[in-house]
Every structure is written in structure tokens, then in C-alpha cells.
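Written below as C-alpha cells is the structure these notes are about.
Values in this text are rule-based calculations from the coordinates and carry no lab data. This structure is a prediction, so every number in the text was calculated from the model and none was measured. Positions of Cβ are backbone-derived with ideal geometry, glycine not excepted, and every protein chain shown enters the neighbour counts.
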Amino acid sequence: MSKADELFIQNCREILEHGTWDTDLSVRPKWEDGTPAHTIKRFGIVNRYNLAEEFPIMTLRRCYYRSAIDEILWIYQKKSNNIHELSSHVWDEWADENGSIGKAYGYQMSVKHKYPDGEFDQVDRALYDLRNNPASRRILLNMYNHHDLNEMGLAPCAYSLTLNVTGNRLNAILNQRSQDMLTASNWNVCQYAALVTMFAKSSGLEAGELVHVIADAHIYDRHVDIVKRLIDQEPFPAPIMRVEDITDFYKFTKDSFTAENYRYHEFNEKIPVAI
């Protein structure tokens with residue numbers, strides 16, 4: 001069984017069996033028909049993935065991992081906030097008429113800051129420290145800038161990544177304020193597993209552990225039955241993820257990753273998305 005499937009099933013069962021509904025509260029998200037989109041949630045879920053052993057990709061349904069990696073490169077490599085530079089359409093609902101999502105995600109990675117040893121944006125600072133100051137406990141990337149929140153199309157959900165070198169392994173903690181379990185859980189995990197792998201290869205390190213901390217892990221009311229059917233399936237073994245031997249972070253593409261023997265269950269249900 002894929003570790004990603006194992007933890008997804010565990011998380012969803014924990015939410016469904018022991019979660020708390022917010023139906024007595026006024027909520028921001030709405031369904032397309034204007035109905036409030038309520039959730040059942042658990043607070044403070046923590047998942048650990050050993051990237052040295054397995055790439056955490058779901059088999060209960062197909063994860064379009066190249067699209068997920070394309071989005072993470074859009075944020076951290078292109079440092080873009082314009083959906084016209086992104087291959088998928090996941091951000092269309094939050095973009096303005098010019099395709100911009102404002103001062104969100106990639107914009108925060110593009111801003112340069114002054115340090116005693118030079119001027120860097122967040123990504124280049126992390127890469128510099130991984131190569132030159134691997135013992136540092138200050139290698140952190142953060143997108144939740146309160147000063148810019150009112151100019152963001154959407155406040156970042158996965159908002160900070162703390163990198164830590166232990167021996168020859170690069171470990172990371174991903175902090176996420178909000179997680180829609182059905183639509184985005186494994187998408188986010190695959191993205192950041194790939195990002196840690198790319199940072200590691202760019203720094204002469206091996207990818208180690210990815211710790212995913214979720215503050216509000218929830219299932220939307222109209223997703224509950226879909227999730228129940230999904231987690232009732234028997235997962236397949238995880239595929240082998242082959243990654244090109246590239247040492248320049250800015251040379252990676254979504255095609256640098258290939259999942260060998262990726263078996264997954266067919267999933268044809270339309271998932272309603274709350275906005």
C-alpha cells in the first residue's frame with residue numbers, strides 16, 4: 001500500500017469519525033448555487049513521509065503529478081502570480097481580468113530582501129544557505145505576509161516551508177493553514193515532495209523526511225459520500241519516481257519526474273468545488 005494512501009485513509013476516517021461540523025457557524029465558502037459550503041474537520045493533523053523510501057503519491061485515484069509539479073515550479077521557480085504562465089487551470093477562479101492573483105504565492109517568492117551577505121529573494125536565499133550554511137536553522141520560506149494579504153487573490157493555504165539539513169539529508173516541515181482533503185490533499189503532498197527533492201539535488205543532498213502539518217483538515221459536506229467511496233478501495237503499491245540528475249534548481253521541469261509502474265483506481269466522479 002502506498003504510504004500516501006495509508007495516511008489519506010487514516011486522516012479521512014479520523015475526520016469522519018471524530019470530526020466537528022461547522023454547520024452552526026457562518027462560513028465564507030459557497031457552492032456554485034450560492035449554498036454555504038460547510039465542512040467536518042479535525043484540527044492539527046501531522047503526517048510524516050520518508051522521501052528516501054517512497055514518493056508519496058496516491059493510488060486510490062490518479063494524481064496528475066506533473067500538473068502539481070508545474071504549479072510548484074510556477075510558484076518557486078518562475079516566481080509568478082499570473083495564471084497565463086501556468087499550464088493548469090486551478091487558479092482561474094481567483095485571477096483578475098489580466099490573469100493576476102495579486103501579491104500571492106509566486107509574487108512573495110520574487111521579492112528581494114537585504115541580508116548581511118547580499119540581496120536575495122526567498123528561494124535563492126534558501127538555495128544559498130543549503131549550499132553554504134547547511135547547519136543553519138533559519139532556512140525558511142514563507143508566503144503568509146500580513147502586509148500584502150488584502151492584495152492577494154487568495155490567502156496561501158500551504159504557506160511556509162522550513163528546511164533542515166541532517167547529515168546528508170534534507171528534511172522539511174510544510175505548514176498548511178487549511179486543507180480540502182478530497183480536492184487537494186495529495187496534490188499538495190506531491191508538490192512539496194517534489195520541491196524538497198529538487199532543493200536537495202540542487203544542493204548535493206538526498207531528500208529525507210517531509211513533515212506535513214495541517215491546522216484545519218476538512219471534508220466538505222458535498223464531498224463526504226465521495227470520500228467514503230474512495231477510501232473503501234484497496235490501494236495499489238506506490239510507483240517508483242524517477243527524477244533527472246539535475247543540479248541547477250532552475251533547470252528542472254515537470255517532465256524531470258516520471259512515475260514508473262503507476263497504477264491507480266479510475267475515478268470519474270465530478271467533484272464540486274467550493275469558492
Requested in this report: Compute the Kirkwood hydrodynamic radius of segment 137-215, taking the inverse of the mean of 1/r over all pairs of distinct Cα atoms, and give it in Å to one decimal.
Outcome: 13.4
Requested in this report: With everything on Cα atoms, drop me the angle between helix 122-132 and the longest principal axis of the chain, reported from 0 to 90° to the nearest 10.
Outcome: 50
Requested in this report: Could you sort 112-119, 183-190, 31-38, 81-88 so that the peptide with the highest average Cβ count within 10 Å comes first and the rest follow in order?
Outcome: 183-190, 81-88, 31-38, 112-119
Query raised in the report: Relative to the longest principal Cα axis of the chain, at what angle does helix 181-202 sit, 0 to 90 degrees, rounded to 10?
Result: 10
Report summary line: Here the net charge surrounding G19, from other residues whose Cβ is less than 12 Å away from its Cβ (Lys, Arg +1; Asp, Glu -1), is -2
**Report entry** Residue-wise HN-Hα coupling along segment 232-240, computed from phi with Karplus coefficients 6.51, -1.76, 1.60 (Hz; x: Gly, Pro)
**Finding:** 7, 8, 9, x, 8, x, 5, x, 8
Query raised in the report: For the peptides 200-207, 255-262, what is the packing order when you average, over each peptide's residues, the other Cβ atoms within 10 Å and list the highest mean first?
Result: 200-207, 255-262
Query raised in the report: What nm value, rounded to one decimal, do you get for the distance between E260 and D117 when each label is placed 7 Å out toward the C-beta?
Result: 3.8
Query raised in the report: Listed highest first by mean packing, meaning other Cβ atoms within 10 Å per residue, what order do 264-273, 71-80 come in?
Result: 71-80, 264-273
Report task. Have a look at the DSSP beta bridges in segment 134-244 and tell me what percent are antiparallel, nearest 5. Result -> 50
Query - Largest to smallest principal axis extent of the C-alpha atoms in the chain, angstrom - result: 52, 43, 32
Query raised in the report: Along the charge dipole of the chain, which of L210, F257, F8 sits closest to the positive end, that is, farthest toward it, with unit charges on the beta carbon of Lys, Arg, Asp and Glu (+1, +1, -1, -1)?
Result: L210
Report summary line: Everything considered on the Cα gyration tensor (a ≥ b ≥ c; rounded for a/c under 1.5, else prolate if a/b is larger than b/c, else oblate), segment 46-88 must be described as prolate
Report task. State, as an integer percentage, the relative contact order of segment 74-142 based on alpha-carbon contacts under 8 Å between residues 6 or more apart. Result -> 26
**Report entry** Extreme residue, positive dipole direction of segment 29-117, given options N98, Q108, F55 (C-beta unit charges)
**Finding:** F55
**Report entry** Listed residues K254, K103, K30, most fluctuating in the chain (Gaussian network, C-alpha, under 10 Å)
**Finding:** K30
Query raised in the report: Under 13 Å from the Cα of K112, which aspartates and glutamates turn up, not counting those fewer than eight places away in the same chain?
Result: D121, D124
Requested in this report: For the chain, find the longest principal axis of its Cα atoms and tell me its angle to the long axis of helix 3-18, 0 to 90°, nearest 10.
Outcome: 50
Report summary line: Here P(r) for segment 218-259, Cα-Cα distances in 5 Å bins, as whole percents, is 5, 16, 15, 10, 9, 13, 14, 12, 5
